[in-house]
Amino acid sequence: MINWLNQHVQAIKLVLNRMGHNKLSSFMISLVIAVAMCIPGMFYMGVDHLSKLSNHMQDETEISLFLKLDASPNVAAEIAANLAKNTAIKQYHLVNKEQAWRELKAKAESSKIDTEVSQLTKNPLPDAFFIQAKSAEPASLEALKNELQAMSGVDQAVLNAEWARRLSSLLALGTKIILFIASLLALALLVIIGNTVRMQILTQKEEIIVSKLIGATTSFIRTPFLYAGMIYGLLGGLGAILILCLIVLLYNQSVTQLSQLYHSDFSLAWLNSSLYLAIVLTSVVIGWLGSYLSVTRAIAAIKID
Amino acid sequence: MIKFDHVTKRYPGSDEALSQVSFTIEAGELVFVTGHSGAGKSTLLKLIAAIERPTSGTVLIANQNISQLRPNAIPYMRRRFGLIFQDHKLLYDRNCFENVILPLHINDITGLDAAKRVRAALDKVGLLHKEKAMPITLSGGEQQRLAIARAVVSRPSILIADEPTGNLDSSYAADIMGIFQAFHQVGVTVIVATHDALGMSTDHNRVLHLDHGQLKPTEFIQNGHSNV
């Protein structure tokens, strides 16, 4: 056990020593891995934040029910009674046209559309019910909307979260695209790391031949190269996290300004430990696999005579 | 210890490098393999060290048939040998100490114990004061002695040297041969291939003389002269 551990410690020491001698090329390889790992990470972060946002919107499962402009208060009362009976509805409230008109005018005075609103001579707004459904299920919401739409005196029923749902299905598509991009980049990384390790094997050909001659097992020869691949992967993964953090930092400066305009405290999250962990683990595994594939082939190809 | 039975080795696209060679080397012997260049000396040593496999016939090392060894058993077989080459095969990217410690690392020996053994091996070949030197700064004779230190550091029971004195002048060559004699005297089996049988030894030593891949009747060298 101690011997086994010792062998690995020796291998890591050897690799770090070699990397120390070739700082620039080690840095370059790690940078390539960092950039390649960073791209899917960036996409993921974007999609992740948008889908959180759209989920948040979908939670507000409000249906707006606009009555016909000429609907009498009796019709409104009838509809209110129907809504009260409907078991799918959690709560509702009526905003009648006068109330809505007053609110609009009040809002207009405090903003720039004052003149446009004051030009209106007559109230253009209908009575409206704002309804909170019990269920957040898209299908049952859709059914409720249709049911409400069918009631007499109703001009239009609008599901407020409809656009958010469309966005979220678009985002699901986006997630799939990320998966493709990530797999392609992983494949490219395998080749890049494999090639790098192969070049190193060629420069260490003498050492491999001598080691074979004095009785080194394949695993003894292979171990340092596997560690090299894993260390490149580790450095690349950490580099990718660094780049992602930089991007978040730069974006947040403009995103906070934007979200302040919308009275939201939305900003990109700094810390996404599961994403970071996934990036590092993936790149270490890719590093190991890439070097394993090329070192096994290369060692078999080196003839000791 | 080492037994060749009707061993023939043919490389693809060439004549037989060895044909129908049979001999036995007992533990603790000092044997010289002689013959003109191209007579098959290196092939013979490579067969012993499990670097090559015979085309036909059997090579037994410590009662194990080389041809039937599984590939992953070969490294362990090779650890019985200390190999010394004409071109030293030293690693020029590390110092003398690190060159000699390599076989110990392969045998999972590290730390103080390894360092002690490396210094003992360097001391035996008279290079203890050069442990931090890079091999490229050593003379030809010193490089060959360093290669011997590397070959003996893991205390192999068989020492195999292919033309160890090939590029050395005679005083260095005698120096190297003295080292081999010393190992022979402490019970190590030593096999030395050389095209230059003279000036090698003053003792009675066994000689395997090869001529165009065939083993000629065994001779003894006495007082530096062949008694054919």
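The values are calculated or read from the model by the stated rules, or taken from the named source; none is laboratory data. It should be emphasised that the depicted structure is a prediction, and the values quoted were computed from it without experimental measurement. We place every Cβ from the backbone using ideal geometry, glycine too, and count neighbours over all the protein chains shown. Heads up: the accessible areas ignore ligands, DNA and RNA and are worked out on the full protein's heavy atoms, side chains in. Shrake-Rupley method; radii C 1.70, N 1.55, O 1.52, S 1.80 Å.
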Q: Could you check how many residues of segment A:40-64 are closer than 17 Å to A:GLY233 by Cα and either outside the structural domain of A:ILE243 (by TED's automatic domain parsing) or surrounded by fewer than 16 Cβ atoms within 10 Å (Cβ to Cβ) (or both)?
A: 0
Q. Among A:LEU189, A:LEU171, which is the only one that is surrounded by 15 or more Cβ atoms within 10 Å (Cβ to Cβ), closer than 26 Å to A:HIS49 by Cα and touching a Ser or Thr at 6+ places or on another chain (Cβ under 9 Å)?
A. A:LEU171
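Farther than 24 Å from B:HIS184 by Cα and within 14 Å of chain A (Cβ to nearest Cβ): does that describe B:ILE148? Spell out the reasoning first.
Working: farther than 24 Å from B:HIS184 by Cα: no; within 14 Å of chain A (Cβ to nearest Cβ): yes.
So B:ILE148 does not fit the description; no.
Going by the structure shown, is A:SER183 at pLDDT 85 or above and either in a helix (DSSP H, G or I) or more than 14 Å from A:VAL47 (Cα to Cα) (or both)?
Details: at pLDDT 85 or above: yes; either in a helix (DSSP H, G or I) or more than 14 Å from A:VAL47 (Cα to Cα) (or both): yes.
So A:SER183 passes the test.
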Q. Taking segment B:24-54 on its own, how many of its residues are more than 14 Å from chain A (Cβ to nearest Cβ) and either under 17 Å from B:LEU83 (Cα atoms) or buried (at least 16 other Cβ atoms within 10 Å of the Cβ) (or both)?
A. 14
Q | Matching residues in segment A:186-218 - criterion: being aliphatic (A, V, I, L, M), more than 16 Å from A:MET28 (Cα to Cα) and assigned to a helix (DSSP H, G or I) | A | A:ALA186, A:LEU187, A:ILE201, A:LEU202, A:ILE208, A:ILE209, A:VAL210, A:LEU213
(Q) Can you tell me which residue is farthest from the other protein chains (Cβ to nearest Cβ) among those in segment A:4-32 that are surrounded by 11 or more Cβ atoms within 10 Å (Cβ to Cβ) and over 28 Å from A:LEU242 (Cα atoms)? (A) A:HIS8
(Q) I'd like the full set of residues that are open to solvent by 60 Å² or more (accessible area, probe 1.4 Å), under 19 Å from A:PRO126 (Cβ atoms) and at pLDDT 80 or above, limited to segment A:78-105. (A) A:GLU78, A:ASN82, A:TYR92, A:HIS93, A:LEU94, A:GLU98, A:GLN99, A:ARG102, A:GLU103
(Q) Only one of B:TYR92, B:TYR76 is within 13 Å of another protein chain (Cβ to nearest Cβ), part of a loop (DSSP other than H, G, I, E, B) and either under 26 Å from B:HIS184 (Cβ atoms) or of a type in the set (Ser, Thr, Tyr) (or both). Can you tell me which? (A) B:TYR92
**Q.** Residue under evaluation A:LEU69, criteria (1) closer than 30 Å to B:GLU98 by Cα; (2) surrounded by fewer than 18 Cβ atoms within 10 Å (Cβ to Cβ); (3) touching a residue at least 12 places away in the same chain (Cβ under 8 Å); (4) away from chain B (no Cβ under 14 Å), criterion not met
**A.** (1)
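Each row is one residue, and each column tells you yes or no for (1) at positive phi; (2) touching a helix residue (DSSP H, G or I) at 6+ places or on another chain (Cβ under 6 Å); (3) among the hydrophobic types (A, V, I, L, M, F, W, C); (4) more than 14 Å from every other protein chain (Cβ to nearest Cβ).
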{"site": "A:GLY153", "(1), (2), (3), (4)": "yes, yes, no, yes"}
{"site": "A:VAL158", "(1), (2), (3), (4)": "no, no, yes, yes"}
{"site": "A:LEU170", "(1), (2), (3), (4)": "no, no, yes, yes"}
{"site": "A:PHE180", "(1), (2), (3), (4)": "no, no, yes, yes"}
{"site": "A:SER183", "(1), (2), (3), (4)": "no, no, no, yes"}
{"site": "A:ARG198", "(1), (2), (3), (4)": "no, yes, no, yes"}
{"site": "A:GLU207", "(1), (2), (3), (4)": "no, no, no, no"}
Q. Got a number for residues in segment B:102-131 being at the interface with chain A (Cβ under 10 Å from one of its Cβ atoms), part of a helix (DSSP H, G or I) and open to solvent by 10 Å² or more (accessible area, probe 1.4 Å)?
A. 3
Q: Scan segment A:204-225 and give yes if some residue there is of a type outside the set (S, T, N, Q), within 23 Å of the chain's Cα centre (by Cα), open to solvent by 30 Å² or more (accessible area, probe 1.4 Å) and at pLDDT 90 or above, otherwise no.
A: no
Q) For B:LEU60, are the conditions met, namely being touching a residue at least 40 places away in the same chain (Cβ under 8 Å) and crowded, with 21+ Cβ neighbours inside 10 Å? A) no
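Pick from segment A:258-294 the residues that are over 21 Å from the mean Cα position of the chain (by Cα) and modelled with pLDDT under 90: which of them is surrounded by the fewest Cβ atoms within 10 Å (Cβ to Cβ)? Lay out the reasoning, then the answer.
Start the filter on segment A:258-294 by keeping residues that are over 21 Å from the mean Cα position of the chain (by Cα), which leaves A:260-263, A:284-294.
Keeping just the survivors that are modelled with pLDDT under 90 gives A:260-263.
Details: A:GLN260: 12, A:LEU261: 8, A:TYR262: 8, A:HIS263: 6.
Step by step, filter segment A:258-294, then rank; the result is A:HIS263.
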Q) Has segment A:194-217 got at least one residue that is touching a residue at least 12 places away in the same chain (Cβ under 8 Å) and either farther than 23 Å from B:ARG94 by Cβ or in contact with an Asp or Glu (Cβ under 6 Å, 6 or more places away or on another chain) (or both)? A) yes
